[in-house]
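This report refers to the structure that appears directly beneath it.
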């Protein structure tokens with residue numbers, strides 16, 4: 001039995017969970033919770049994979065063990081309300097495009113990318129998308145296989161906390177793919193962002209057909225993932241239960257008229273399916289997305305807005321979504337990466353002035369901690385929450 005010692009008490013995770021659960025119920029905890037999205041591209045170099053990520057992607061047992069040690073590093077070094085150890089098949093955001101038949105490339109020590117020219121740049125015939133096996137094809141199929149193999153391999157690992165609590169590692173293994181990277185983001189991965197943007201003007205009927213296919217295939221994939229572990233899943237290195245992510249970074253550059261014409265019908269169909277399965281709908285935007293907020297809230301009816309960008313108008317977001325939609329995000333990732341701890345604390349305080357009295361708010365990066373971001377800057381988020389984010 002491989003024992004992985006985590007040098008914090010398990011009791012601390014239970015305290016964090018209580019604070020988190022209270023906030024998710026739109027009730028007032030002792031202080032605003034703090035969460036950071038620290039993906040594998042950040043911590044892989046810190047646990048021995050600085051020169052070569054390929055073993056991580058090519059062996060489910062290596063992926064399992066690396067994630068366990070990655071979670072250990074986060075729990076021992078990062079101050080936050082992160083409380084779920086989560087292990088899952090992780091191919092860093094190329095899973096969806098691969099399942100549709102798109103080609104990907106894996107640099108030796110960086111995140112994978114979609115290979116150019118993109119699939120629909122070479123041939124824009126949509127018939128091949130209609131016939132693709134999005135559940136078993138590409139990295140989706142590999143994710144299902146890896147989930148089962150990681151679950152089996154986890155029987156050989158035991159996680160031990162400093163207060164003596166011991167938990168079998170297979171309790172922490174979940175299916176990946178709790179949703180899709182985004183309908184428009186996936187269209188951009190298939191077409192190239194440039195082609196997709198031009199096709200909104202040049203081939204609107206073709207774009208609508210493409211989006212219909214993406215939605216129908218995404219529903220097939222979500223159905224399959226929901227069935228793997230009774231709605232328990234992982235996404236963004238965190239645990240989700242009956243929460244489905246619909247994106248979408250591909251929408252922030254759209255005009256309101258374009259979003260209304262192309263995306264509202266597509267997202268409404270996908271969100272309708274998700275709610276029919278008694279699941280919550282989670283959206284996301286990097287970049288300035290002020291013009292999309294009412295669409296998300298009123299037309300599509302999301303339940304959670306994850307990792308909203310620091311560029312978003314905070315007051316407008318609070319006024320449109322505050323108190324009825326869970327809001328996670330807002331902290332400037334550029335300041336986290338290149339600023340000082342005081343810069344981060346100041347930014348956190350500005351966010352707290354807007355959102356502290358807004359029930360359901362979690363202070364989070366907006367979005368995705370960049371590799372090399374100083375630990376002291378990340379931990380400054382918690383310092384600010386403890387100083388300015390408490391409730392009396």
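Mind counting the residues in segment 50-68 that are in contact (Cβ under 8 Å) with a residue 24 or more places away in the chain and either in a loop (DSSP other than H, G, I, E, B) or touching a strand residue (DSSP E or B) at 6+ places or on another chain (Cβ under 7 Å) (or both)?
Going through segment 50-68 one residue at a time, the tally reaches 7.
Which number in (1) surrounded by fewer than 18 Cβ atoms within 10 Å (Cβ to Cβ); (2) out of contact with any strand residue (DSSP E or B) (no Cβ under 6 Å at 6 or more places or on another chain); (3) under 20 Å from residue 82 (Cα atoms) marks the one condition that residue 390 misses?
(2)
Are there any helices (runs of 4 or more DSSP H) wholly within segment 90-184 with 3 or more residues that are farther than 17 Å from residue 227 by Cα and touching a helix residue (DSSP H, G or I) at 6+ places or on another chain (Cβ under 8 Å), and if so which?
Per the criteria, 95-99, 119-122, 138-153.
Restricting attention to segment 168-194, and to residues there that are within 28 Å of residue 242 (Cβ to Cβ) and free of Cβ contacts under 8 Å to residues at least 24 places away in the same chain, which single residue is farthest from the chain's Cα centre (by Cα)?
168
Could you check segment 250-354 for helices (runs of 4 or more DSSP H) lying wholly inside it with 1 or more residues that are touching a strand residue (DSSP E or B) at 6+ places or on another chain (Cβ under 9 Å) and farther than 30 Å from residue 225 by Cα?
Filter on segment 250-354 gives 314-321, 333-338.
Taking the conditions exactly as written (at positive phi and at pLDDT below 95), does residue 177 satisfy them or not?
yes
Is it fair to say residue 74 is touching a residue at least 60 places away in the same chain (Cβ under 8 Å), on the phi < 0 side of the Ramachandran plot and surrounded by 16 or more Cβ atoms within 10 Å (Cβ to Cβ)?
Criteria not met by residue 74.
Going by the structure shown, is residue 101 touching a residue at least 24 places away in the same chain (Cβ under 8 Å), more than 16 Å from the chain's Cα centre (by Cα), surrounded by fewer than 18 Cβ atoms within 10 Å (Cβ to Cβ) and at positive phi?
yes
Restricted to segment 217-233, and to residues that are touching a strand residue (DSSP E or B) at 6+ places or on another chain (Cβ under 7 Å) and part of a helix (DSSP H, G or I), which residue is nearest to residue 262 (Cα to Cα)?
My answer is 222.
Going by the conditions given, is residue 369 in contact (Cβ under 8 Å) with a residue 24 or more places away in the chain, buried (at least 21 other Cβ atoms within 10 Å of the Cβ) and under 25 Å from residue 30 (Cα atoms)?
no
For segment 372-387, enumerate the residues that are surrounded by fewer than 15 Cβ atoms within 10 Å (Cβ to Cβ), under 22 Å from the mean Cα position of the chain (by Cα) and part of a helix (DSSP H, G or I).
Answer for segment 372-387, where residues must be surrounded by fewer than 15 Cβ atoms within 10 Å (Cβ to Cβ), under 22 Å from the mean Cα position of the chain (by Cα) and part of a helix (DSSP H, G or I): just 375.
Could you tell me whether segment 195-216 includes any residue that is part of a helix (DSSP H, G or I), crowded, with 18+ Cβ neighbours inside 10 Å, touching a strand residue (DSSP E or B) at 6+ places or on another chain (Cβ under 9 Å) and touching a residue at least 60 places away in the same chain (Cβ under 8 Å)?
No; the residues of segment 195-216 include none that is part of a helix (DSSP H, G or I), crowded, with 18+ Cβ neighbours inside 10 Å, touching a strand residue (DSSP E or B) at 6+ places or on another chain (Cβ under 9 Å) and touching a residue at least 60 places away in the same chain (Cβ under 8 Å).
Within the set of pairs 6+ apart or on separate chains, which have a first residue in segment 293-321 that is touching a residue at least 60 places away in the same chain (Cβ under 8 Å) and at positive phi, a second that is buried (at least 23 other Cβ atoms within 10 Å of the Cβ) and in a loop (DSSP other than H, G, I, E, B), and C-beta atoms under 9 Å apart?
From residues that are touching a residue at least 60 places away in the same chain (Cβ under 8 Å) and at positive phi, the pairs are 307/284; 307/285; 307/366; 307/367.
The values are calculated or read from the model by the stated rules, or taken from the named source; none is laboratory data. Remember, predicted model here, so these are calculated numbers, not experimental data. As a convention, Cβ positions derive from the backbone with ideal geometry for all residues, glycine included, and neighbour counts pool all protein chains shown.
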